[in-house]
1. Going by the conditions given, is GLY332 crowded, with 24+ Cβ neighbours inside 10 Å, at pLDDT 90 or above and closer than 21 Å to ILE137 by Cβ?
2. Consider ILE390 against the criteria (1) open to solvent by less than 20 Å² (accessible area, probe 1.4 Å); (2) of a type outside the set (S, T, N, Q); (3) modelled with pLDDT of 85 or more: it satisfies all of them except one. Which criterion is unmet?
3. Within the bounds of region 230-253, is there any residue that is surrounded by fewer than 16 Cβ atoms within 10 Å (Cβ to Cβ), under 23 Å from TYR50 (Cα atoms) and touching a helix residue (DSSP H, G or I) at 6+ places or on another chain (Cβ under 7 Å)?
4. If you go through region 65-79, how many residues are more than 11 Å from ALA116 (Cβ to Cβ) and either in a helix (DSSP H, G or I) or within 17 Å of the chain's Cα centre (by Cα) (or both)?
5. If we only count helices (runs of 4 or more DSSP H) wholly inside region 84-177, which ones have 2 or more residues that are open to solvent by 10 Å² or more (accessible area, probe 1.4 Å) and over 26 Å from VAL361 (Cα atoms)?
6. Confirm whether ILE174 is modelled with pLDDT of 90 or more and closer than 30 Å to ALA376 by Cβ.
7. What's the total number of residues in region 11-27 that are hydroxyl-bearing (Ser, Thr, Tyr) and either open to solvent by less than 20 Å² (accessible area, probe 1.4 Å) or without any contact (Cβ under 8 Å) to a residue 60 or more places away in the chain (or both)?
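The values are calculated or read from the model by the stated rules, or taken from the named source; none is laboratory data. None of these values were measured; they are calculated from a predicted model. Cβ coordinates were reconstructed from backbone atoms using ideal geometry, including for glycine residues, and neighbour counts include every protein chain displayed. SASA here: full protein model, heavy atoms, side chains in, ligands and nucleic acids out. Shrake-Rupley method; radii C 1.70, N 1.55, O 1.52, S 1.80 Å.
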Amino acid sequence: MLKNKKFYPWLVVVLLAVVSLLNYLDRQMLATMRPYMMEDIEALRDITNYGRLMAIFLWVYAFMSPLSGVIADRINRKWLIIFSLAVWSGVTLLMGYTYDIDTMYVLRGVMGISEAFYIPAALSLVADYHCGPSRSIAVGALTSGIYLGQAIGGFGATISAHASWQFTFHIFGIIGIVYAVVLALLLHEKENRPQLTTAVGSTVPNGARRRAQWIILIRHTAFWVMIFYFAALNLPGWVTKNWMPTMICDSLGIKMETVGPMWTVTLAMSSFVGVFAGGWISDRWVKRTLRGRVYTSATGLGMIIPALLLILFSGSLVPILAGGILFGLGFGMYDTNNMPIICQFFPSRSRATCYGIMNFVGIAAGALITDILGYALKGGYQNTVFVAMIAAVAISVFLEIKVLCPVTDDMTDSHQDTESNYGNLELLEQ
């Protein structure tokens, strides 16, 4: 069978990289399509409504992420991924038939629910297929689909200009639905996956085991540091994705069909390079020191600071694009090491839950900053928002280097004595 072939773990990465591409393409192309959509939807002429339409996806996505992580740790991830893809692709298709702003709010909310189930399941599945020295590069290859999707999403404005915004939604919605069928035939769950079931001879009930998984997370200092730096980087991360095309268009007077592809391709392609560079460096650095993945991630975070300064204080296109390149490289190096670092601190059956919670905090931060910057642009205090983001990233670099000290590159139950955690749980419940 195909799943027994030696190359199958890498085929899983390729299959899911395409899903990652569709995941980000479908959500991001809206960021460049406003000039064309507002010709038919009058409410989108108000930039506040436009910001709200982007933010509602993020808020719903954020609040669904912890639940999606918990579910991914407990059910077959293959079918969870396929269901998620089919639903958000159907929503994309329906967006092309919608002219009412309230209906668009509902559809973007449904998209947020469905897309939230994908990334925790996909990352944990790839991490299970790729243990050891190939983990970061495998996660990087999966993540590369995100940046390709972001780049192609930037051409939403171009396609809308030459065809229509309706056609843009229709074509990508149909592609996603067809690919869900392909995935059903080729994707398989990892065999011998650790499950939260009672072991033979164990007196610990399943409910206690599940509650213990939460205690393992919330009592670990590394978990809270990860949450902080995930939130800190998602602030500028979502600003660059959702608002920079509009900000460049308004401040420099360049048409959106030019700015949209230019910015998104610059940011996405530099991130694409960053995930592979970060994965390659991390997989080699961790052989010399267990903190190699942490150092690689922190290096990426550190690159964000000068990138934001370039974007903030530059009044011309070339320095802004240079800032975008530096931002993308740093973001990619950081992004490709999130799941590998989680694997250093938590066992397989907790990883999707951990990433789901991190995703909640990070995307909630992105939703918040998307709303805030909409009002800041209207009030003229956007520089203050950028300075606050720079400070948050600087603090996160310090905390990551200071606190994260892994004792293994692949945490398992043999490293993390879960039975002792069940004992702690009983004491807490008493």
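1. yes
2. (1)
3. Looking through region 230-253, at least one residue is surrounded by fewer than 16 Cβ atoms within 10 Å (Cβ to Cβ), under 23 Å from TYR50 (Cα atoms) and touching a helix residue (DSSP H, G or I) at 6+ places or on another chain (Cβ under 7 Å).
4. Count: 4.
5. The qualifying helices (runs of 4 or more DSSP H) are 101-116, 156-162.
6. Considered against the rule, which asks whether it is modelled with pLDDT of 90 or more and closer than 30 Å to ALA376 by Cβ, ILE174 comes out as no.
7. Total meeting the criteria: 1.
Residue-by-condition table, conditions (1) modelled with pLDDT under 90; (2) under 21 Å from PRO9 (Cα atoms):
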{"position": "ALA72", "(1), (2)": "yes, yes"}
{"position": "LEU80", "(1), (2)": "no, yes"}
{"position": "GLY90", "(1), (2)": "no, no"}
{"position": "TYR105", "(1), (2)": "no, no"}
{"position": "HIS130", "(1), (2)": "yes, yes"}
{"position": "SER134", "(1), (2)": "yes, yes"}
{"position": "THR143", "(1), (2)": "yes, yes"}
